[in-house]
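Quick notes on the structure that follows.
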Amino acid sequence: MTNNEDIVFSRDTVEFVTVAAEYCAYLERSGELSRKEFVGTMLKLLPLLYIKAQMLPADEPISEDSLEDFVTEESYEVLRITLSELLGSRDAYLDVFVDEMRYSDTPVTKHISEDLSDIYQDTKNFICQFQLGINETMHDAVLQCREHFAQYWGQTLVNTLRALHEIEYNTPEEENEEQEYTNDEI
């Protein structure tokens with residue numbers, strides 16, 4: 001096996017592919033779920049996604065060409081809106097780990113739906129690039145995903161996890177029951 005095949009077919013890469021695919025598939029069917037069910041599963045999937053992304057191997061890219069994006073603005077927006085409706089009033093949260101906070105006296109509001117959609121966009125692009133089955137593309141997709149995790153969505157994932165934890169453990173039971181009733185009604 002060559003070095004790029006070692007990276008593409010390494011245990012760490014295969015495990016990340018598995019978790020990333022499950023994350024994407026779960027978000028794609030989120031419109032069928034109750035808020036409580038969705039949040040509970042996200043609290044299990046996100047830490048696993050974080051761990052597996054951390055373990056992706058490092059190397060140098062093979063190609064100088066940029067990788068193709070598969071997630072369109074439209075599909076991103078549909079997912080974001082679906083998640084926003086599912087999370088309702090609990091979608092927004094205050095974030096203290098953003099650069100704007102250093103220069104502001106007011107808190108920065110973030111949205112779980114947007115954060116999860118951002119992570120989805122990068123992981124779904126990765127999965128689609130990987131499914132092409134071209135070793136060089138798969139190799140570079142692993143490296144790009146690892147880089148994007150380090151630079152962008154890793155911190156977003158951790159911040160979102162904090163907000164989801166708050167929903168799971170500090171939401172009044174009546175609010176959870178109301179959300180489940182609303183989703184069952186639809």
Given the condition surrounded by fewer than 18 Cβ atoms within 10 Å (Cβ to Cβ), in contact with an Asp or Glu (Cβ under 9 Å, 6 or more places away or on another chain), at pLDDT below 95 and among the hydroxyl-bearing types (Ser, Thr, Tyr), answer yes or no: does some residue in the stretch 108-127 qualify?
yes
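Looking at residue 127, is it under 18 Å from the mean Cα position of the chain (by Cα), part of a helix (DSSP H, G or I) and under 20 Å from residue 40 (Cα atoms)?
Details: under 18 Å from the mean Cα position of the chain (by Cα): yes; part of a helix (DSSP H, G or I): yes; under 20 Å from residue 40 (Cα atoms): no.
So residue 127 does not fit the description; no.
Free of Cβ contacts under 8 Å to residues at least 12 places away in the same chain and either farther than 20 Å from residue 161 by Cβ or part of a loop (DSSP other than H, G, I, E, B) (or both): which single residue out of 106, 137 fits that description? Show your work before the answer.
Values: 137 fails: free of Cβ contacts under 8 Å to residues at least 12 places away in the same chain.
Just a single option satisfies the conditions, and that option is 106.
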Hey, among the residues in the stretch 30-48 that are out of contact with any Asp or Glu (no Cβ under 9 Å at 6 or more places or on another chain) and under 22 Å from residue 143 (Cα atoms), which one's surrounded by the fewest Cβ atoms within 10 Å (Cβ to Cβ)?
47
Considering only the stretch 59-75, how many residues are under 25 Å from residue 161 (Cβ atoms) and touching an Asp or Glu at 6+ places or on another chain (Cβ under 9 Å)?
1
Having 2 or more residues that are over 22 Å from residue 171 (Cα atoms) and at pLDDT 95 or above is the bar; report the helices (runs of 4 or more DSSP H) wholly within the stretch 1-64 that clear it.
11-28, 35-54
Search result, residues across the stretch 33-76 that are without any contact (Cβ under 8 Å) to a residue 12 or more places away in the chain and basic (Lys, Arg):
44
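Just checking, which of 10, 30 is in contact (Cβ under 8 Å) with a residue 40 or more places away in the chain and farther than 18 Å from residue 120 by Cα? Break it down into steps so the answer makes sense when it comes.
On the way: 30 fails: farther than 18 Å from residue 120 by Cα.
Going through 10, 30 in turn, just one is in contact (Cβ under 8 Å) with a residue 40 or more places away in the chain and farther than 18 Å from residue 120 by Cα: 10.
Condition check: acidic (Asp, Glu), out of contact with any helix residue (DSSP H, G or I) (no Cβ under 6 Å at 6 or more places or on another chain) and either buried (at least 18 other Cβ atoms within 10 Å of the Cβ) or within 23 Å of residue 150 (Cα to Cα) (or both). Does residue 68 satisfy that?
Working: acidic (Asp, Glu): yes; out of contact with any helix residue (DSSP H, G or I) (no Cβ under 6 Å at 6 or more places or on another chain): yes; either buried (at least 18 other Cβ atoms within 10 Å of the Cβ) or within 23 Å of residue 150 (Cα to Cα) (or both): yes.
So residue 68 passes the test.
The values are calculated or read from the model by the stated rules, or taken from the named source; none is laboratory data. What you see is a predicted model, and the numbers here were worked out from it, not measured in a lab. Every residue, glycine as well, gets a Cβ built from its backbone with ideal geometry; the counts of neighbours run over all protein chains shown.
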